[in-house]
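First the structure, in the form of structure tokens, and then the observations on it.
Coordinate-derived values only; no laboratory data. Since this is a predicted model, take the numbers as computed values, not measurements. So basically every Cβ, Gly included, is an ideal-geometry build from the backbone, and we count neighbours across all protein chains shown.
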Amino acid sequence: MPLALLALAVGAFGIGTTEFVMMGLLPDVADDLHISIPAAGHLVSAYALGVVIGAPLLAALTARMSRRTVLIALMALFVAGNALSALAPGNDSLLAARFLSGLPHGAFFGVGAVVATTMVPPERKARSVSLMFLGLTVANIAGVPAATLMGQHLGWRATFLGVSAIGLAAIASLALLIPHDRGQAASSAGLRGELAALRSLPVWLALGTTVAGFGALFAAYSYVTPMLTRSAGFAEGNVTLLLALFGVGATAGNLWGGRLADHSLRGTLFGGLASLGAVLLLFPVLMRAEWSAALAVTLLGMAAFITGSPLQLMVMEKASAAPSLASSANQAAFNLANAGGAWIGGLALAAGFGTTSPALAGAMLAVLGLGVAGVAYGVDRRRGTPSVGRERLVASHMPEEPGVLHH
């Protein structure tokens, strides 16, 4: 695999760290800024809102620019947002800085996924995307715990300065390792032409699968701490280590999913969603003992992230006229899944169905995701659309589009 994928992974590591570290720093931030924990929780929402708005908007506005330039500019915006977070004098300014930090998130992963696939043969596309996402999953194993520890001992502002330093390292890596390109081939209609590429029903079905599939994950994962402490009996001090097991499972699932998807994209997607539903259905049983609860958390990360690369690649190939925009929109869909899944899981808890009920709500969302993926498959068959494997085979014999990266 090209060394340039390492630069994308470094950027993904920094983004993954800053996205999830706020959860662990909420008490410290709330105490320092003299606000309540629920008010500090809005800092998480501000970041997610930045992702949802920034992902399709920045991808569309930069559609004619060199992808290498776009990636460096997005990471510079990321550094600025985190530096401003570290320097924020109060809650309002920190909210604005967190929103700014979230703006480049989705576009970076979206454009980065397109760049990753242009540097490998067609039969290795999914694997290249999974290697970029490796930075995100490793962030959950090492980046977030280390950044949380730094914040607890040196202050939460030091954490965001540290993340800014990771961003600077990513900029240097991108400038050094990403090949120069001639600019993207964009529609002469500009922004309107880019947005028109998203009017396809298969694209929206793929995005819907992302929302339902990852909504299933976050319905359970958002409430995994009370499951581990109240149902499995773990002490609160052990939860951080158990969440690292989730990161281990997510990393393994991401790499495994990338390899499998290069052989059968739809088969990997269907199998991943079915496995996710099965794991979530077993949660009430697995959460009755410590050893099985630890296994459940690991399997949850693995089953969920098996679908990451297939979904990203499917969206890109269904919107081939605007792959960067579609890929970025898929990141927005991922964050909508985060918010929606947590809300649905919370409804199950509020209804009094028990501590592990969010997992069962997640299982239903996984079944919904399977249904949407099945409808997408049926639509492709009725339209006579070739399978993604055949699409890649055809693409490998087609002339290169202007602006494709050369390594």
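Side notes on the structure shown:
- Using R0 = 22 Å, the C-beta based FRET efficiency linking SER36 and VAL239 works out to 0.50.
- Selection among LEU299, THR69, ALA351 by position relative to the dipole of the chain gives THR69 as farthest towards the positive end (Cβ unit charges, Cα centre).
- For the pair SER292 and LEU61, a Förster radius of 51 Å applied to the C-beta separation gives a FRET efficiency near 0.60, rounded to the nearest 0.05.
- Proportion of all alpha-carbon pairs of segment 254-395 beyond 17 Å (%): 66
- Gain on full stretching of the segment that runs from ALA252 to ALA142 - 0.36 nm per residue minus C-alpha separation: 38.1 nm
- GNM result for the chain, Cα springs below 10 Å: residue of GLY352, GLY374, GLY301 fluctuating most strongly: GLY352
- Gyration tensor verdict on segment 38-79 (Cα atoms; rounded if a/c is under 1.5, prolate if a/b is larger than b/c, oblate otherwise): oblate
- Leading residue at positive end of dipole, the chain (Cβ point charges), from LEU276, VAL248, LEU154: LEU276
- Basic side chains Lys and Arg get +1 at the Cβ, acidic Asp and Glu get -1 at the Cβ, and with that the dipole of the chain about its Cα centre reaches some 1000 debye.
- Calculated FRET efficiency for the pair LEU161/TRP343, C-beta based, R₀ 25 Å, to 0.05: 0.15
- Under the span-like rule (Cα at least 27 Å along the axis, Kyte-Doolittle mean at least 1.6), DSSP H helices of the chain: 37-61, 156-177, 265-286
- Reference-scaled alpha-carbon Rg (2.2 N^0.38 Å with N residues) for the chain: 0.94
- The Rg/Rh ratio of segment 255-294, with both radii computed over alpha carbons and Rh defined as the Kirkwood radius, is 1.17.
- Paramagnetic reach from GLN152 (point 7 Å along Cα→Cβ, amide N under 20 Å) across segment 12-36: 17-33
- Binned Cα-Cα distances of segment 1-58, short to long, each 5 Å bin given as a whole percent: 4, 16, 19, 19, 16, 12, 8, 4, 2, 1
- Placing a label point 7 Å from the Cα of ARG259 along the Cα-to-Cβ direction, the residues of segment 115-138 whose backbone N falls under 20 Å from that point are 117, 120-138.
- Modelled label reach - LEU3, point 7 Å along Cα→Cβ, segment 154-174 residues with backbone N closer than 18 Å: 169-174
- C-alpha center-to-center spacing [segment 28-74, segment 231-246] in angstrom: 28
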